[in-house]
Amino acid sequence: MAKSITATVTLNFDVPESLNPDQQKERIAEDIGRLYDADSTTGVACTGFEVQGLKRPPISRIHFLCAGCGSPDVRADAYAEWDVVAGAWVLHSVYDEKTCEKCSSSCSLIEVDEATGMEIQAFAMVDDKDVSRQAQDGETPAFYDVMVTTDPTPDGDIHTLHEMDDLSHGQMEKTLAVMQDTYPFAPVTCHFRDVWES
């Protein structure tokens, strides 16, 4: 005796950008329909399907930072309500009061688009008369620095989210990889030539 169940499956499709959402949905339904018409080899048969909606991958992410110190460790007063279906408290309203955990005080926030308002940078550095500076052509780096910063805000401020100093070349590569995983949409700029990396 057969038992009917509903399975939720996520399928990813490459679709032409020239198609509007309705056309994309129609093409996806046609493609799934070809699978639906195929004979089952597992003893499990698909008896129908429905394309409910299209979820596009994000092209960036928004970060909120303390306008005073640039920390991303900010909190907002909010109101939650119990959702019986979800079996959890869900966010209902967010109030105007914002607090920076680093400043330990009330703050205003700046909104930063990861793809257009942030940058991951790596610098080759040398020691020069008790100060460190960026390596120039032909100089062998003594160490590397990695920073994640915002672009200048409307007030001209640049906020630093992360700063890692005095790294070996291997540590710099690992740190860059971690920062790229943490901020996948932020552009990366390496301020050194490949020949310096050896």
_What's the magnitude of the charge dipole for segment 12-57 around its Cα centre, counting Lys and Arg as +1 and Asp and Glu as -1 at the beta-carbon? Answer in Debye, nearest 20._
180 debye
*How would you rank Ile62, Ile5, going from fewest to most other Cβ atoms within 10 Å of each one's own Cβ?*
Ile5, Ile62
_10 Å Cβ shell holding at most 12 others, DSSP loop, trypsin sites (Lys or Arg not before Pro): longest site-free stretch of the chain_ = 56-128
_Return the Rg/Rh ratio of segment 12-57 with Cα-based radii and a Kirkwood Rh._
1.04
_Hits among lysines - C-alpha to C-alpha of Lys129 under 19 Å, sequence gap 8 or more where chains match_ = none
*What list of ³J(HN,Hα) couplings, whole Hz, do you get for segment 112-118 from phi and the Karplus terms 6.51, -1.76, 1.60, once you set θ to phi - 60° and write x for glycine and proline?*
10, 7, 4, 6, 10, x, 9
*asked:* No partner Cβ under 4.7 angstrom, meaning no disulfide-compatible partner by this rule: which Cys of the chain qualify?
replied: Cys46, Cys69, Cys190
*Once amide H atoms are built 1.01 Å from N in the peptide plane, which residues 5 or more positions from Leu109, or in another chain, come under 5 Å H to H?*
Ala67
*Helix 169-182 versus the longest principal axis of the chain: what is the Cα-based angle in degrees, 0 to 90, to the nearest 10?*
40 degrees
*Which label in (1) 38; (2) 64; (3) 33 gives the computed percent of Cα pairs over 25 Å apart*: (2)
*Out of residues 5 or more away from Ser71 or on other chains, whose amide H comes under 5 Å of its own, with H placed 1.01 Å from N in the peptide plane?*
Cys66
*Stretched out fully, how many nm does the piece from Leu54 to Leu19 gain, at 0.36 nm a residue minus the Cα gap?*
11.3 nm
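Every number in this text was worked out from the coordinates using simple rules, so none of it is lab data. Since the model is a prediction, treat every value here as computed from it, not as a measurement. Neighbour counts are summed over all protein chains in view; Cβ atoms, including those assigned to glycine, are modelled from backbone coordinates with ideal geometry.
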